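K.L.:
Sharing a structure, written as structure tokens. Questions coming.
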Number of protein chains: 2
Amino acid sequence: MTGVRDREQRESREREGGDAAVTRVLVVDDEPQIVRALVINLRARGYRVDAAEDGAKALAAAAARHPDVVVLDLGLPDMDGLEVIRGLRGWTRVPIIVLSARHASDEKVDALDAGADDYVTKPFGMDELLARLRAAVRRAEPVAADTDDAVVNTADFTVDLAAKRVGRGGTDVRLTPTEWHLLEVLVRNPGRLVSQQQLLKEVWGPSYRTETNYLRVYMAQLRRKLEPDPARPRYFVTEPGMGYRFEG
Amino acid sequence: MTGVRDREQRESREREGGDAAVTRVLVVDDEPQIVRALVINLRARGYRVDAAEDGAKALAAAAARHPDVVVLDLGLPDMDGLEVIRGLRGWTRVPIIVLSARHASDEKVDALDAGADDYVTKPFGMDELLARLRAAVRRAEPVAADTDDAVVNTADFTVDLAAKRVGRGGTDVRLTPTEWHLLEVLVRNPGRLVSQQQLLKEVWGPSYRTETNYLRVYMAQLRRKLEPDPARPRYFVTEPGMGYRFEG
DNA sequence: GGCGACCGTCAAAGTGCCGTCAAGATCATT
DNA sequence: AATGATCTTGACGGCACTTTGACGGTCGCC
């Protein structure tokens, strides 16, 4: 009996948590120059890097190597980048950072809706990409604990997702249903850029996809109730043209 | 590996909450990638896993194998996921964890109302699913026997959950069965917001999910009998549009 | 520098929800 | 059958919340 249990523990250790010191990155792009630049820069900083030049190879590589983060160019030769995102999102929550050309705004929004975590416009600065990559990996680590004690803390307020309660400076903050729903969606995706359409669909329903003024009104309410300086948001950040982001 | 004798003993126990050394999981999903990912991960952690690709096979497998927990995707080809839940709930209390697509809020509520125990939104992190799976199995184990000293005190009244008595100012307060039932649900979740649907389902049954006026009437009764100032509730707080909350 | 897109702010109009009351309906007890 | 307690049902006023429209500011682009 104990022998069996030891073996189970050993196997479960080998599975994922074992050598977590090295972060594995999967780079997906069909332009060799970009791939080469990324590989060199990432390896120089201690990442372990795999590369794939099209969507099919990307999905295969992701399944085989279980990367910690994926950097994905949307313009691939064999399949739409959105298909790759959906293919990954069927079974994994690995952070996906999208590379997108500058004048393709819908493309980026669609990618976020499909489940991407963040985006970087091409041409990109290596420092910016590295910063977003670090942020994505960092927030992927703390795994959601039990259903009961789901509490998100910031320096200025506390959100208890289970009790549906928000505290600030010792007292409770009263939120309306819509305010709470909006806050919940944002807080459940910390650090991640959530598109306007995603928020509207989740809070108001699929038919309200274009009523972006609702978001402006309720974002203002939330900031007024929770931000220390509502005019200069620190926790609920606007990404113009894209969506909003909650910073823990 | 465990021998034939162990399995015979386990199956002869026949009880659902039995403390078998190996936890059996039934995975129900029509997407092969997801099934494969789950099977690999769960087996690596020592679970015994069966898989079913549609609702009919799921019900058959559940009847044949008596799993300790079911992981169920709501989007199945042959029948609605809710039908599967109801089919299971007709004869077993086995914990059911639902896999749900991201933007399907009502779906999740309906699943919980139908008798599911928990849900995980797809895409899911394997660690999160495993945590919820452990929690579900743990909850299913014999939990009883802490009903002894279940007494909740406030400055104005006392609720004895074991004796089913409520005291206020030295004398007993007389509550009708429905009033007591409602009070009990609220007091058992101190500080937590309990949704209207949850209260209605618990006190009146699942089919009364929309009769919110019952809640208004009986909340008024409770407040009249227990609150020092019924017009300004201190212990039974209304969260407009969401539900009620008992403040200890 | 002008122009347009986008965001934040505000306040008024509209809507739905909650608390309250009271009268039927149902049930238990005698 | 009668009585009293409990549960259901409907109506209504008040108020909180949502919706809607208008205005001004900022940023990027031509």
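The values are calculated or read from the model by the stated rules, or taken from the named source; none is laboratory data. Please read all numbers here as calculations on a predicted model, not as lab measurements. Cβ: placed from backbone, ideal geometry, glycine included. Neighbour counts: every protein chain shown. Each accessible area value is taken on the protein alone, full model and side chains, heavy atoms only, with ligands, DNA and RNA left out. Shrake-Rupley method; radii C 1.70, N 1.55, O 1.52, S 1.80 Å.
K.L.:
Among A:SER100, A:TRP180, A:ALA52, pick out the residue whose Cα is farthest towards the positive end of the charge dipole of chain A, where Lys and Arg carry +1 and Asp and Glu carry -1 on C-beta, about the Cα centre.
P.N.:
Sorting the options by dipole projection puts first A:TRP180.
K.L.:
Let me ask something else about it. Taking Rh as the Kirkwood radius computed over C-alpha pairs, what is the Stokes-Einstein D of the range A:170-225 at 37 °C in a medium of viscosity 0.692 mPa s, expressed in µm² per second?
P.N.:
Estimated via Stokes-Einstein, D reaches 279 µm²/s.
K.L.:
May I ask you to compute the full-extension gain from A:ALA37 to A:ASP78, defined as 0.36 nm times their residue separation minus their alpha-carbon distance, rounded to one decimal in nm?
P.N.:
12.5 nm
K.L.:
Also, quick follow-up: Just to check, using Stokes-Einstein with a Kirkwood Rh over alpha carbon pairs, what's the diffusion coefficient of the range A:124-248 at 25 °C and 0.890 mPa s in µm²/s?
P.N.:
159 µm²/s
K.L.:
Same structure, new question: Label-point separation (nm) for B:GLU227 and A:ALA56, each offset 7 Å from Cα along Cα-to-Cβ?
P.N.:
Placing both labels 7 Å along Cα→Cβ, they lie 6.7 nm apart.
K.L.:
Also, quick follow-up: What do you get for the angle between helix A:212-226 and the principal long axis of chain A? Use alpha-carbon atoms, 0 to 90 degrees, nearest ten.
P.N.:
So the inclination is approximately 70 degrees.
K.L.:
If Lys and Arg each add +1 and Asp and Glu each add -1, what is the summed charge of the other residues whose beta carbon sits under 11 Å from the beta carbon of B:ASP117?
P.N.:
Taking every Cβ under 11 Å from that of B:ASP117, the sum is +3.
K.L.:
Roughly how many debye, to the nearest 20, is the charge dipole of the protein assembly as shown about its Cα centre, given +1 on each Lys and Arg Cβ, -1 on each Asp and Glu Cβ, and no other charges?
P.N.:
So the dipole magnitude of the protein assembly as shown works out to roughly 1120 debye.
K.L.:
Moving on. In angstroms, what radius of gyration and Dmax does the protein assembly as shown have, counting Cα atoms only?
P.N.:
25.4, 83
K.L.:
Is the range A:50-143 rounded, prolate or oblate when judged by the Cα gyration tensor, a ≥ b ≥ c being the square roots of its eigenvalues, rounded requiring a/c under 1.5 and prolate requiring a/b larger than b/c?
P.N.:
Verdict is rounded for the range A:50-143.
K.L.:
Could you tally the net charge around B:GLU83, taking each other residue with its Cβ under 12 Å from the Cβ of B:GLU83, Lys/Arg +1 and Asp/Glu -1?
P.N.:
The answer is -2.
K.L.:
Could you list, bin by bin from short to long, the percent of Cα-Cα pairs of the range B:195-248 in 10 Å steps?
P.N.:
25, 54, 20, 1
K.L.:
Within chain B, count lysine pairs with alpha carbon atoms under 21 angstrom apart where the residues are 8 or more positions apart or belong to different chains.
P.N.:
Counting lysine pairs in chain B gives 4.
K.L.:
To continue, here is another question. List the distances, in nm to one decimal, from the label point of A:ARG234 to the label points of the same position in every other copy, shortest first, placing each label point 7 Å from Cα along the Cα-to-Cβ direction.
P.N.:
Nearest first, the other copies' label points are 3.5 nm away.
K.L.:
Further, regarding this structure: Report the semi-axes of the equivalent ellipsoid for the range B:50-100 in whole Å, largest first, where each axis is √(5λ) for an eigenvalue λ of the Cα gyration tensor.
P.N.:
15, 11, 11
K.L.:
Cα atoms only, chain A: Rg and Dmax in Å?
P.N.:
19.9, 62
K.L.:
Shortest first and in nm with one decimal, please list how far the A:GLY90 label point sits from its counterparts in the other copies (point 7 Å along Cα→Cβ).
P.N.:
3.1
K.L.:
If we count trypsin sites (Lys or Arg not before Pro) as exposed when they sit in a DSSP loop and have at most 10 other beta carbons within 10 Å, what is the longest stretch of chain B that avoids them all?
P.N.:
B:16-173
K.L.:
Would you mind giving the mean number of other chain beta-carbons within 10 Å of the Cβ of each residue in A:184-194, as a whole number?
P.N.:
So the per-residue partner count for this stretch is 0.
K.L.:
Something else now. In degrees between 0 and 90, to the nearest 10, how far off the longest principal axis of chain B does helix B:126-140 point, with axes built from Cα atoms?
P.N.:
Once rounded, one gets 60 degrees.
K.L.:
Grab the DSSP H runs of chain B that are 4 residues or longer, score each as -39,500 (n - 2.57), total them, divide by all residues and round the 222 nm result to the nearest 500 deg cm²/dmol.
P.N.:
Value at 222 nm, helices only, nearest 500: -12500 deg cm²/dmol.
K.L.:
In square angstrom, rounded to the nearest 10, how much accessible surface does B:MET79 have for a 1.4 Å probe?
P.N.:
60 Å²
K.L.:
Which of the listed residues, B:ALA140, B:VAL109, A:THR212, is farthest toward the dipole's positive end in the protein assembly as shown, when Lys, Arg count +1 and Asp, Glu count -1 at the beta-carbon?
P.N.:
Selected residue: B:ALA140.
K.L.:
Considering only the other residues whose Cβ falls under 10 Å of the Cβ of A:LEU193, what net charge follows from Lys and Arg at +1 and Asp and Glu at -1?
P.N.:
So the environment of A:LEU193 carries a net charge of +1.
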